[in-house]
1. Suppose we filter region A:133-152 for residues that are in contact with a Lys or Arg (Cβ under 8 Å, 6 or more places away or on another chain) and either within 21 Å of residue A:70 (Cβ to Cβ) or modelled with pLDDT of 90 or more (or both); how many remain?
2. Scan region A:506-516 residue by residue and report those that are under 17 Å from residue A:538 (Cα atoms) and more than 8 Å from every other protein chain (Cβ to nearest Cβ).
3. Could you list, ordered by first residue, the pairs with Cβ atoms under 9 Å in which the first is in region B:165-187 and more than 14 Å from every other protein chain (Cβ to nearest Cβ) and surrounded by fewer than 20 Cβ atoms within 10 Å (Cβ to Cβ) and the second is modelled with pLDDT of 80 or more and part of a loop (DSSP other than H, G, I, E, B), at least 6 apart or interchain?
4. Consider residue A:176 carefully, then state whether it is surrounded by fewer than 18 Cβ atoms within 10 Å (Cβ to Cβ), closer than 30 Å to residue A:114 by Cβ and touching a strand residue (DSSP E or B) at 6+ places or on another chain (Cβ under 8 Å).
5. Out of B:68, B:116, B:82, I need the residue that is surrounded by fewer than 19 Cβ atoms within 10 Å (Cβ to Cβ), within 19 Å of residue B:23 (Cβ to Cβ) and without any contact (Cβ under 8 Å) to a residue 40 or more places away in the chain. Which one?
6. Which is surrounded by fewer than 20 Cβ atoms within 10 Å (Cβ to Cβ), modelled with pLDDT of 85 or more and either in a loop (DSSP other than H, G, I, E, B) or at negative phi (or both), of A:267, A:229, A:258?
7. Select from region A:129-156 the residues that are over 22 Å from residue A:176 (Cα atoms) and not in a strand (DSSP E or B) and list them in ascending order.
8. Residues of region A:602-619 being touching a Gly at 6+ places or on another chain (Cβ under 6 Å) and either charged (D, E, K, R) or assigned to a strand (DSSP E or B) (or both), which ones?
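The values are calculated or read from the model by the stated rules, or taken from the named source; none is laboratory data. Model, not experiment: these values are computed from the prediction. FYI the Cβ positions are ideal-geometry reconstructions off the backbone, even for glycines, and counts take in every protein chain you see.
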Amino acid sequence: MRNGWLNIFVTLCLCVLSFASSAQTNFAVSPTCKVNVDKISAVKTSSIDVVPKTGWVEVKNPDVWTERWPHYDGGVWYHFNWHWSCKDSDELKQPLAFSVEGMSSAGAVFFNRNLLWKDKHLVEPLSKSWNTPRFWILPVESLKQKNNDIWVYVVGNSYESPGLGNLEFSDITTAYDKQQKRLWSKRALFQVNLVISTTLGLVCFVIWFFRRNETTFLWFSISCLFWVLFIWNVINREVFPYPNSLWVMKTNLTYFVLYNVCFCIYLLRFVKTKFAELEKTLFLVAAVCIVTILFIPSLMVNIVFAVIFLLCIALFIASFCFVIYRAYKTKRRDFILLAVCLSVILIVMLYDISILFDGHINDHQPLSPYTSPVITFFIVIILATRLDKNIKKIQRFNSELEQRVSFVTSNLSSSLYARHQLELENVRLQERIHLAHDLHDGLGASLVRSMILVDQSSSTMSNQQFLSILKLLRDDLRQIIDSGSLTNNKTPDNPVLWIAPVRHRFSQIMDELDIEATWSIPEAWEIQPTALQCLTLIRVLEESLTNIVKHSQARHIDVKMYYPSTTHLVMIIQDDGIGFNVECVLNHGMGIGMRSMKMRLEKIGAELNIESEKGCTKIIASLRFGEGESTE
Amino acid sequence: MKNKETVLPAPVLIVEDEAMIRSRLDLILSELGYSQDMLIFAKNLAEAMQIIASQPISLALVDLGLPDGNGITLIEKLREIDESALILVISAWSTQQSLFASIKAGANGYVLKERDDAEVLMSIRSILRGGAPIDPFIAREILNQISTSNTPQTERVEQLDGQDYDQLTNRETEILNLVAQGLSNREIAEQLFVSRYTVESHIKHIYRKLSVSKRTKAVSTARSLGIL
């Protein structure tokens with residue numbers, strides 16, 4: 001993760017410097033016994049099969065041969081000549097162990113001319129043993145008192161600090177413990193790093209995948225990817241899949257550069273800044289670096305790599321400073337946390353470096369690999385706080401939304417209510433208009449006719465006549481009200497129901513007066529009259545019956561309604577009363593009611609015929625459909 | 001109009017706010033044979049309530065639209081006090097629904113104020129004779145409610161009145177149907193081959209089933225009918 005650059009630094013330091021620990025020639029292997037290395041010598045060789053007789057030079061352990069033979073790529077034999085001795089002429093009872101910290105980059109180990117161990121590939125592509133500690137046990141039987149030999153064949157390239165790491169003798173338990181320690185710090189720690197980085201990278205990538213605008217996560221996952229590729233090199237034992245060691249180094253540094261750039265961008269994004277120009281420049285520089293790395297000849301590798309490495313460190317420190325600046329400026333908690341994390345990394349790194357340069361570094365355990373899990377923990381905290389913040393935001397938003405929804409809902413319901421009220425109002429208005437219309441057509445017309453009648457009357461009218469005019473008006477009004485309130489201005493379902501109220505009213509009266517009535521009404525409409533036609537016809541019937549009951553002294557009344565043809569409705573009211581003078585009634589203002597009815601029927605396209613003689617009076621209203629309807 | 005009744009039920013309570021109508025009713029009742037001392041007039045609901053609380057009433061002519069309330073209240077009260085009192089609604093301007101409500105409250109009949117004197121007189125006489133005036137609208141209304149309470153999918157399942165109507169016999173339903181068509185009692189009697197009085201007693205039965213003695217029940221009935 002963040003301490004990646006530190007790791008590479010440590011790694012490179014391990015490469016370059018770790019072999020430079022102080023040479024030791026005496027090793028205590030038990031409380032009383034010790035091993036003395038008498039002589040260490042080295043010689044260049046063309047292959048493992050050749051042991052040159054000449055050219056041997058005395059060297060120290062550990063050894064990096066570029067100091068002696070600059071730019072030498074190839075094999076080297078190391079020869080350790082040693083003996084053991086015990087105090088008080090004690091015998092060596094326990095087997096010895098000797099350990100090799102690592103060799104750059106591949107090699108083989110012989111003891112007294114017997115092969116103990118050999119790397120898989122001793123020619124390019126070479127195996128990589130530089131970060132793999134090993135130890136071997138030498139049984140007591142196999143030991144000579146003097147002149148024991150350990151031969152180590154190392155093959156390496158000048159650009160990767162070739163040579164042999166610390167070779168030490170000890171008892172088995174010590175060797176085992178030391179091996180475990182070394183395995184932990186040189187391999188397991190990096191494996192842990194690898195697993196954590198992979199996991200976090202994947203998690204962040206998936207987060208980004210579902211939330212594409214959260215580019216912070218993308219940059220973090222990319223930097224994780226490069227970090228994993230980079231770390232992989234530390235624990236990889238073979239060159240594969242790269243063609244040779246040089247390419248391993250080149251790609252590795254490329255990953256490191258990319259990792260640094262991505263991580264920097266991640267930091268910038270995290271602190272909510274985006275410098276388009278700067279990022280462009282950064283990518284450009286990175287591209288130049290990578291091209292340089294990929295095409296540089298092997299001779300210049302070391303110096304160029306060091307420069308690029310320093311550039312990366314400088315980039316990291318610059319972004320670290322910027323993060324601190326942002327944290328100070330914004331006082332945001334997560335920024336401050338990030339700054340603290342980075343500071344911890346920096347401090348640990350400085351500590352490690354200072355130890356390295358101090359010189360007392362024999363098997364020193366660098367602290368920086370340990371920062372990785374710690375930093376991971378911090379990252380988790382940062383992510384968690386971010387998530388928490390977002391969720392709180394969402395919750396706030398939800399409650400706001402709820403308020404808004406309820407507000408809108410109440411608005412809507414009130415507007416719906418208003419609309420409903422408006423509709424009701426409309427319906428009411430419509431009804432009123434209908435009623436006004438009916439009043440105008442029915443009562444109004446009657447009123448006007450009555451006024452004309454009174455106006456044109458030649459002689460003064462009697463009270464009785466006035467009364468009959470008023471009664472006429474009253475009956476008109478009642479019919480309008482009844483038809484209006486009862487059927488909502490629609491014609492009744494069938495003629496029987498239509499006639500029923502009038503029939504009932506007069507039946508009661510006729511019962512009282514002992515008048516017999518026969519009613520013959522069709523069961524259903526053949527043609528349905530309009531509401532106005534219905535009203536007029538029922539008024540004619542009412543008026544006729546009123547007259548009969550009042551004046552005719554009839555004993556029998558016959559009311560008949562029928563359809564002579566499909567477009568013709570006839571209503572006949574017949575009685576056996578005393579009869580009257582039709583001429584007189586219609587023309588001389590005697591029966592105001594009947595005259596009014598006649599006029600009204602004519603208005604709806606119907607006609608009224610009256611035949612009257614003693615014992616048989618017929619009032620015939622005849623309505624033809626399709627003729628008079630439009631004259632309304 | 002010959003007045004053949006020997007004993008007229010008295011006293012008569014006339015509840016009417018308009019003086020002219022009061023004197024008109026006075027005249028009509030005089031024509032029926034009533035003397036002034038048999039008549040008690042009330043101008044509003046409060047007065048009428050006081051009167052029925054203080055003395056028994058045999059016949060009441062009640063207007064619905066009173067200045068201080070609805071005549072239906074009075075009808076209910078009176079019916080509660082006296083099962084056998086005769087109550088006739090004489091209404092000026094009322095919807096047919098409210099007339100129906102007054103029948104349910106216990107009125108024996110109703111007549112519109114605007115009718116000719118002869119018709120009003122006829123109605124009073126019919127009441128006095130023990131008749132049961134019914135009109136097509138009332139009959140239709142009752143029939144409607146039977147049909148709605150008989151239809152299972154309607155929401156009025158729990159309605160008490162519906163159960164009351166359920167108790168109507170076939171003959172009663174038949175009579176209501178004929179009334180709804182506008183037939184007079186005499187015509188119905190002829191059609192069903194029974195006497196006029198049998199028809200009237202049937203109608204009185206229907207009314208009794210309809211009428212509710214308790215005020216609360218009346219209110220709920222009225223609500224369910226959409227009158228209140």
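1. 4
2. A:506
3. B:171/B:194
4. Spelling it out, residue A:176 is indeed surrounded by fewer than 18 Cβ atoms within 10 Å (Cβ to Cβ), closer than 30 Å to residue A:114 by Cβ and touching a strand residue (DSSP E or B) at 6+ places or on another chain (Cβ under 8 Å).
5. B:116
6. It is A:229.
7. Correct list: A:144, A:145, A:146, A:147.
8. Hits for region A:602-619 are A:612, A:613, A:614, A:617.
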